[in-house]
Each structure stands twice: as structure tokens, then as C-alpha cells.
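None of the figures in this text is laboratory data; all of them are computed from the coordinates on show. Computed from a predicted structure; not experimentally measured. Here the Cβ is made from the backbone with ideal geometry for all residues, glycine too, and neighbour counts use every protein chain on show.
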Amino acid sequence: MLREWFYPPKCCGCKTLIDRETYLCPRCKKQLVRVQEPICLCCGKTIREEGQRFCHDCRKVYHGFVNNRSLYLYNGAARKLMYELKYCHNRDVAEFFGKALAAEFGDYIRGVGIDAIVPIPLHRKRKRQRGYNQAELIANELSRVCGIPVYPNLLKRVRVTRAQKELNDAERKNNVKNAFQLCKNGVKLNQILLVDDIYTTGATLDAAVRPLLESGAQAVYGVTVCVGRGF
Ligand SMILES: [Zn+2]
Ligand SMILES: [Zn+2]
């Protein structure tokens, strides 16, 4: 194909030439590490203490979402892909992540009866700077594969927040408190799935859950591509 002649498909991680549709070369793919069982029944992080159903964090903190599932550990390889997606305009990464989420969690998402997929929004200023919201691109692909509608404008971020990674636990909570509002009224959604790129303490998800529950949603779940250490 002419397109492949001019734009030969390259690995999203290391830029070596690859077959189309694979997104990553075998080496980069191997470096992505999946979250290992046993996982916390609430936030989806790996539990290190034996015999526990919830992680150390979730035994202390109440979360508004029913549960969250993450696919990859936020290691060097995952971080590199996130950087490509957020700062190098490489949208292929979002397609790859969306497809990977669908492959891993598609049955689960349909099983709990999700009727709406909602990406965590960026503030409009930040979205304008970047040109797109990376969580929205991932959610679009997940929606396409699972056949569940996506509502990118249901929530809006009404405060410009600092990057969560720069903050400690308490600061994170304050940083995103009241950061989200509902944009559209009159849409009746029951089981909502929030989609984000990285889960750390769950503060962002919790802040987004609140307006959804207040508007009458029955339950809110989350899926995130990566899980990072929040402490
Ligand atoms: Zn590669
Ligand atoms: Zn947990």
C-alpha cells in the first residue's frame, strides 16, 4: 500500500519498523508488565500482604467507585509510551492501550452492565494545548471494540489542577476536589465506567465519581491503563 510506503509502521516504543496492527515490537511489548494477582478488590492494585482482600490504602480510605482495574504497572516501558501519547502526539499509543483494555477487561465491562464509558476530562485549556485528551482517545477505542457508547462531554474539568505526580497524598485530594462538574443534564445513565491513563491514589477517580452519583448514576467503575505507586 502507498501509505505504508510513505509511512512505514513503526513501534510506538522504540521506532523500529514493525508489521502494521501490532503497535509495538516484541521487545517493547515484553517490557510492559501486567498487574499481578492477587489484586485489591477495590482499587485493583497488587496486594502484598497475604490473606487480605483490600490493599493497605483501601483499608484506610473510602472510594466512591465500586472498583477499578488497571492493566500495566507504570514501569519504564509504560512511562515511555505515556510520554509518546501525551507529549509526542503519537495517537497510535491510545489505540494500542484502548485495544489492550478491551481485550483484558471487555468481558468484565459487559458483565457488570456498563452503559456508558466516560473519559476523565482535561481542563479545556490543557486540552487546547495538547490538541486532544489522551484518556478520551483511549476511551474511544475501548468504546468501539466493546460496542458501548462513550460520553466525552458528560463531565468537565472546571479547575486547572496541578499534575498529581508532583503532589503528596493529602495535596492530591485537595488538588482535584470539586475539579469536575456535570455538563449535560437529562442524560440518564446507570452504570458508568470512567477511563483514565494512570491510577495512583484514586483521588482523581473519586472526584469524578461524585457529580455522576449526585446526578443519579447507580454505580461508577473505573479502568486505568497503568497503576503507579501513590506513596
Ligand atoms: Zn519497540
Ligand atoms: Zn486498593
Highest mean packing first, using Cβ neighbours within 10 angstrom, the peptides 15-21, 117-123, 75-81 sort as 117-123, 75-81, 15-21
If each part is reduced to its alpha-carbon centroid, the stretch 102-181 and the stretch 32-50 end up apart, in Å, by 22
Glu104 neighbourhood, Cβ < 11 Å, K/R = +1, D/E = -1, net charge +2
Cβ-Cβ cut-off under 14 Å around Ile114, Lys and Arg +1, Asp and Glu -1: the net charge is 0
The computed P(r) of the stretch 54-113 puts the percent of Cα pairs beyond 19 Å at 49
Contour minus Cα-Cα span, Gln36 to Val145, at 0.36 nm per residue, comes to 36.8 nm
In the chain the DSSP beta bridges are antiparallel at a rate, in percent to nearest 5, of 25
Scoring the stretch 100-220 by relative contact order with C-alpha pairs under 8 Å, at least six apart, yields a percentage of 30
In nanometres, the difference between 0.36 nm per residue of separation and the alpha-carbon distance of Asp169 and Tyr7 is 54.0 nm
Measuring from its Cα centre, the stretch 1-52 shows a charge dipole (+1 at each Lys and Arg Cβ, -1 at each Asp and Glu Cβ) which, in debye to the nearest 20, is 300
For the stretch 35-86 the mean separation of alpha carbon contacts under 8 Å (6+ apart) over residue count, i.e. relative contact order in percent, is 31
As straight-line cross-link partners of Lys177, the qualifying lysines (C-alpha separation under 28 Å, not fewer than 8 residues apart within one chain) are Lys45, Lys60, Lys86, Lys125, Lys127, Lys156, Lys165, Lys188
Beyond 22 Å, the calculated P(r) of the chain holds a percent of Cα-Cα pairs equal to 52
The relative contact order of the chain, taking Cα pairs under 8 Å that sit 6 or more residues apart, comes to a percentage of 21
Toy charge model, Lys and Arg Cβ at +1, Asp and Glu Cβ at -1: the chain dipole around Cα centroid in debye, rounded to 20, equals 820
FRET efficiency (Asn75, Arg27; Cβ distance; R0 22 Å; to 0.05) is 0.95
Here the net charge surrounding Cys42, from other residues whose Cβ is less than 13 Å away from its Cβ (Lys, Arg +1; Asp, Glu -1), is +3
Dividing the helical contributions, -39500 (n - 2.57) per DSSP H run of n ≥ 4, by the residues of the chain yields a 222 nm value, nearest 500 deg cm²/dmol, of -11000 deg cm²/dmol
